[in-house]
Structure formats: structure tokens, C-alpha cells
1. Determine, yes or no, whether ARG44 is out of contact with any Phe, Trp or Tyr (no Cβ under 7 Å at 6 or more places or on another chain), modelled with pLDDT of 95 or more and among the basic types (Lys, Arg).
2. What single numbered condition from (1) of a type in the set (Val, Ile, Thr); (2) in contact (Cβ under 8 Å) with a residue 24 or more places away in the chain; (3) open to solvent by 40 Å² or more (accessible area, probe 1.4 Å) fails to hold for THR51?
3. Looking only at the range 70-110, count every residue that is surrounded by fewer than 15 Cβ atoms within 10 Å (Cβ to Cβ), without any contact (Cβ under 8 Å) to a residue 60 or more places away in the chain and either aromatic (Phe, Trp, Tyr) or over 18 Å from ARG18 (Cβ atoms) (or both) and tell me the total.
4. Right, SER61: in contact with a helix residue (DSSP H, G or I) (Cβ under 9 Å, 6 or more places away or on another chain), open to solvent by 60 Å² or more (accessible area, probe 1.4 Å), of a type in the set (Gly, Ala, Ser) and modelled with pLDDT of 95 or more or not?
5. Inspect the range 33-42 for any residue being open to solvent by 70 Å² or more (accessible area, probe 1.4 Å), outside any loop (DSSP other than H, G, I, E, B) and of a type outside the set (Gly, Ala, Ser) and give the result as yes or no.
6. When residues of the range 1-16 are filtered for being open to solvent by less than 30 Å² (accessible area, probe 1.4 Å) and either outside any strand (DSSP E or B) or within 21 Å of GLY64 (Cβ to Cβ) (or both), how many remain?
Amino acid sequence: VQLQASGGGLVQAGGSLRLSCVASGNIVSIINMAWYRQSPGKQRDLVARITSGGDTNYADSVKGRFSISGDNANNTMYLQMNSLKFEDTAVYYCYARSRPRGYWGPGTQVTVSS
């Protein structure tokens with residue numbers, strides 16, 4: 001499985017961005033996909049996850065502001081980020097859980113100016 005994320009950038013606080021992650025390769029083996037983020041000096045944390053059945057879960061810090069979705073026809077996962085805050089600044093990574101292992105895509109930088 002190969003993953004390619006895009007959509008990061010610089011935005012003012014209160015603004016919006018939409019991240020995309022395109023999956024290719026053995027995509028039928030994917031069980032769920034997720035977005036993680038990592039700020040300098042901090043661990044990589046889960047932001048949101050979506051299962052193959054469409055169930056979703058979110059980190060408490062983004063509930064009500066971020067929305068994860070999938071487009072099976074285009075093998076793409078999205079993360080709609082609204083009401084962005086300075087503390088959302090991080091490198092965002094897409095992740096695909098497959099059997100027997102998971103796969104990471106390269107990160108995309110999101111910078112929120114206060």
C-alpha cells in the first residue's frame with residue numbers, strides 16, 4: 001500500500017483546510033485509515049480514524065471542528081479541518097491499517113498563524 005497526502009499549508013486561525021490522502025497498491029487489504037499529527041518535540045497522535053464500514057472516531061481536541069471521510073471510488077481519504085487553532089499546527093500523516101501491517105504516508109505540513 002502506498003499513500004500520498006496533500007492539502008497542507010499556511011492558514012490563519014479560524015480558517016479551514018482540507019487534507020487528502022490517496023491510497024494505491026493492495027487497497028483491498030485496508031481495514032481502516034487514519035490521520036495522525038506530530039508537532040516538534042511531541043509524539044505522533046491520532047487525530048481521526050475511519051473504518052472500511054464508515055465508522056469514525058476523533059481526538060477530543062478536534063471533535064466538532066474536523067471531519068474525516070472517504071471516497072472509495074477514488075481511493076481517497078479526506079480530513080476537513082475547520083475553525084483551525086494555532087495548536088493544530090503540525091505535520092499531518094495519513095495511515096492505513098492493513099493485514100499484516102500498517103503503512104504511513106509522507107507528512108504534509110499544516111501551519112496555523114495566530
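1. So ARG44 does not fit the description; no.
2. All conditions pass for THR51, except number (2).
3. Residues flagged as surrounded by fewer than 15 Cβ atoms within 10 Å (Cβ to Cβ), without any contact (Cβ under 8 Å) to a residue 60 or more places away in the chain and either aromatic (Phe, Trp, Tyr) or over 18 Å from ARG18 (Cβ atoms) (or both) within the range 70-110 amount to 3.
4. Criteria met by SER61.
5. no
6. Matching residues across the range 1-16 total 3.
The values are calculated or read from the model by the stated rules, or taken from the named source; none is laboratory data. Values in this document were obtained by computation on a predicted structure and should not be read as measured data. Virtual Cβ from ideal backbone geometry, glycine too; neighbours counted across all protein chains shown. Remember, those area values only see protein heavy atoms, side chains included, never the ligands or the DNA or RNA. Shrake-Rupley method; radii C 1.70, N 1.55, O 1.52, S 1.80 Å.
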